[in-house]
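Since the structure comes first, as structure tokens, the remarks are kept for the end.
Read-outs throughout are calculated quantities, based only on the coordinates presented, and are distinct from any laboratory measurement. This one's a predicted model, so the numbers in the text were calculated from it and none came from an experiment. Quick reminder, even Gly has a Cβ in these numbers, built from the backbone with ideal geometry, and neighbours come from all protein chains shown.
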Amino acid sequence: MEPVATPFFFYLLSALAVVGGVLVITRRNPVHSALSLILTLLALAGLYLMLYAPFVAGVQIILYAGGIMVLFLFVIMLVNLERNQKEEQFNKTWLVGLVAAVALGTLFVIVYAKGQALFPERLAQLPEAQNTQQVAVLLYRDYMFSFEIASLLLLVAIIGAVVMAKKRID
Amino acid sequence: MVPITTLHYLVVAACLFVLGVVGVLTRRNVVIILMSIELILNAVNLNLVAFSRLYGLHGQIFAIFVITDAAAEAAVGLGILIAFFRNKETVNVDEVDLLKW
Amino acid sequence: MTDATKYMSHLELGERDETFLDSNELIINMGPQHPATHGVLRVILKLDGEKVLGTECVIGYLHRGVEKIAENRTYTMFNPYVDRMDYVAAVSNGLGYCEAVEKLMNIQAPPRANYIRVILTELNRIASHQLWLGTHALDIGAMTPLFYTFRDREEILKIFEKYCGARLTTHAFRIGGCQYETYDGFEKDVQNFVTFVRPKIDEYEALLTSNRIWLERTREVGKISAKDCIALGVTGPVLRASGVKWDIRKAQPYAAYSEFDFEIPIGEKGDTYDRYLVRMAEMRQSLRIVEQAVGKIPSGPIMAKVPKVIKPPAGEIYHSIEAPKGELGYFIVSDGSTQPYRLRVRPPSFVNLQALDIMVRGQLVADVIAVIGTLDIVLGEVDR
Amino acid sequence: MLNYITDYLRSNTTPGQAGNVLWALVYILIIFGGVSLAVVAMNWLERKLLAHFQIRLGPMRVGPHGLLQPIADAIKLLTKEDIIPSEADKPVFWIAPVMILMTAFSAYVVVPFGPTHAVTDMNIGILFMLGVSSLSVLGIVMAGWASNSHYPLIGALRSSAQMVSYEIAMGLAVVTVILMTSLHGLGIYGTGAGAAGTGTLSMIEIVKAQLAQQTWFVFKFFPLGLISFFIFAVAMVAETNRAPFDLPEAESELTAGFHTEYSGLRWSLFMLGEYAAMIAVSSIAATLWLGGWLRPFPNTLTGDTWDLVFSLFPGLTFLGLALIAFLGVIRMPKHAYFRLQTLGLAGFAAVLALIGLILFIPPVRDRIQDIYWFIAKVAIFMYLYIWYRATFPRYRFDQLMKVGWKVLLPMGIGVLLVTAIVGVL
């Protein structure tokens, strides 16, 4: 069954994502930036749902929006300095950065314009109803080793974060 | 209306990617730089998931790994940030000009 | 004995910190408008995250100058004022004052008056402990005990009302004895109350004593050693919970206390849980005293021979009683006139409040609430 | 039109699965209205029950037995001045309550009130619910930060730390159940989405798995199911910031926690969100462990007679409520002042009795049964919430963290491991 009003939702969600992204890099107050980033993340979760990837969408919501962003907000509140907001927000090389970014964007546009033919327009009809089960099968069969490595990475990250953030007792 | 194709998603991803790059290159606040990196990772994720519709589920698996990675990166990055802030009372990157203090 | 001055807290309140990083201290102001400070106590907390580095009490929001007022009132006129200090235990305040003046004038209250005094004072002790239990439990988050204790405290207030017409600030006693003879059925009312409230105390204990969360919230919280207690002059249940068997009713018996058989419950560790247990046991002991007193109340006059104009001889006197909160002392200097030359009150709450700082240092913010509750302070008495 | 409705009622898919936008919207509206009504009812019930736990009467003035009190409260809150602190961050201050409300209500999208009574049956059902309810942390942090005041900020930080910690224990308990959907042992559950030994995240499929395995998961692999249920039941109280884990709004310490600076309508949105979240997590617990819409004793008391007996329960409940209301009418004081109230209560009783009678009509009876059992199970949890609040003191913050990380988390991991081992054996 074809989802209803696909273009409408696509444009809405993409607009939200891009606007959120713009706000992230322009807001003076880091908390506002973080909230904009949450908007982007949620819009992306919606896009994943439209791409028949419900599991990734769920992980996006629970891990990104509900986990990582809370961490960000926590840290922002810990280091939130009034003084910081009054300072110059962009560094001295902002012009160079902007030029580099524009060049990168142009590159993308060129690649997409040239390579449009490369992307086949056939859509693999992935059965949404079985998405989670299929992801699980792939994850625990073909990508078992990577999965274990990822868990190790997380462990290292936990220890690293604790070591970094722990108060030194002199 | 034009039907939504994979290319549409790729364009959105490209926009987010460029925004992330601009953020990393121009902002001074470390927290916002870290958030811009998250933007870049998300752009990549969108690409992966969009392609997974064409080439099978592997893209989604990669997206999940990227999210895992992002969690680890955020944890360590913010840990460093706190340690740094505790010593220097600032969160601006261009003031990180000493290797030791 | 330890040097008491080393416990006096001096917070440097100069720099205000803008951040919440745990490397810096945070100064937070609790009160005077705060639901858990039991009135208008203001506590300035110096925090490291949630950990308390130090406290400073700012008092005086309820200061009425009771001691100064005494110098401009005759001894009789000043009597009702003392009710307004510890308004939760007004009867005890009145007893202390009357006995101090009697001692100054060398008057002996008749035995029947003494018995009535003991009964009312002990009832008041139960009422005070009930109110403490309700509010203390509410501070720690248990809502229900409050309503249970208020239901039972109501019965005591009814007895007071029937006896002297007032419920809270009773002004029950006069210099030289009691103003009123007991009403018909007083003994029966008191007896009924004793049988009524015994199972109720078990009910409070059923709600709290073995409640795991209650144990975790009160055990090892706000510990104070017997040595520190003595050094700071802390008295009452707080002192007894630290293991010191000091109760003025036994140590220097006043009124008719030497004629009754009761025990002094003491604790071991001096933490909040022990203080809770001590007070619960004290309620039971008070019931025992009340029961004995009602059983053998003598007949006779209720007022000693007191001159019309109370004019104590020149001299000074210190008399203290065991109020529900601790040692309540009155120091009166008389110049031989009808008004005291100087009157000084030693209120238990005021002295006990000093212990707050050493009890909460190193503990968490939530414990400050528990400790303020367990000290059982009444701001009317702290500020006078 | 009528045909269309009856046709739809006979179908055996959820509107979301059928792609029927209209019916999905109708369901959403019904759920929104129903949950709001339930919150209002909860408000009244909580005050009444709490009062009776504490030997008081509770609201008695507005309407008979205070039945109209929630309406009076609502009017008061709506007409109250809406204060925004001058130093507050206005946009964030604005969005925070809306965020909490939105997350609380969007979780209901996947709650199965019956085999077809859900807005949609998502493939990631339970993951979606957990994810969306974890978003309410953001609302709390935003509210605390935007207020620009010490107490709300501390309340918000405490709250988010608490919710993030307990989410982990909660997730582990949920994973145990998901594992159970694939471990049948009896060899019955071999069809549908979870075929070939794979489990399922879909809320409806989880209940169907319980039906197929002929056991509620709370009793499965006794006592493993029970332990995981216990973990969830504790974690869910902490997750919704209710007593004895109500530290974020610990009245005696932080005045009112993250919503100290809120008043009027916005404050009522917080309350609405809180209660809606309570009902949402309770429905997760009911679905995952207590068999969702399944009636009690599905495997021992079988047969048409028992089916009939259990299908009479909804009607009987309403008749019972009507009876209580009638008793109230009889016990009303006979005084002119109370005439209106007595009449109102009698009318209320009559409405209840009428609903009860309608529920005895066979077609209605059959359709309503599932919903009735589901709501009954959720109601048990709501009662427990109130009971906890009346009984327990409040945990201290470090103790709360200790319970979360040192008790529930290892327990959750242990149960998960043992379940996996037992299931394979």
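The table that follows gives values for the structure above.
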read-out: Check: the protein assembly as shown dipole with +1 on Lys, Arg Cβ and -1 on Asp, Glu Cβ, in debye; value: 1600 debye
read-out: Viscosity 1.567 mPa s, temperature 4 °C, Stokes-Einstein D of segment D:108-167 from Kirkwood C-alpha radius, µm²/s; value: 99 µm²/s
read-out: Average silhouette area of segment A:1-81, convex hull of alpha-carbon atoms, in square nanometres; value: 5.4 nm²
read-out: Estimated Rh, chain B: Kirkwood, alpha-carbon pairs, angstrom; value: 15.3 Å
read-out: Restraint check, C:Lys269/C:Lys325; C:Lys103/C:Lys311; D:Lys48/D:Lys76; C:Lys250/C:Lys311; C:Lys245/C:Lys325; C:Lys223/D:Lys402, Cα-Cα greater than 23 Å; value: C:Lys250/C:Lys311
read-out: Segment A:150-161 - phi-based ³J(HN,Hα) in whole Hz, Karplus 6.51/-1.76/1.60, Gly and Pro as x; value: 4, 5, 5, 4, 5, 4, 4, 4, 4, 4, x, 4
read-out: Positive-end extreme of charge dipole, chain C - chosen from C:Leu208, C:Val234, C:Pro298 (charges on Cβ); value: C:Pro298
read-out: Cα-based reach from C:Lys162 at 23 Å (exclusive), listing lysines while leaving out same-chain residues under 8 positions away; value: C:Lys188, C:Lys200, C:Lys296
read-out: Rel. contact order, % - alpha carbon contacts under 8 angstrom, at least six apart, chain D; value: 21 percent
read-out: Overall Cα dimensions of chain C, principal axis frame, Å, largest first; value: 70, 49, 36
read-out: Rg/Rh for chain D, where both radii come from Cα atoms and Rh is the Kirkwood radius; value: 0.98
read-out: Relative counts (whole %) of C-alpha pair distances in the protein assembly as shown, using bins that are 10 Å wide; value: 2, 9, 16, 19, 18, 14, 10, 7, 4, 2, 0, 0
read-out: Longest exposed-site-free window of chain D, the sites being trypsin sites (Lys or Arg not before Pro) in a DSSP loop that have at most 12 other C-beta atoms within 10 Å; value: D:62-333
read-out: Projected-area mean, segment C:334-384, by convex hull of Cα positions, square nanometres; value: 4.3 nm²
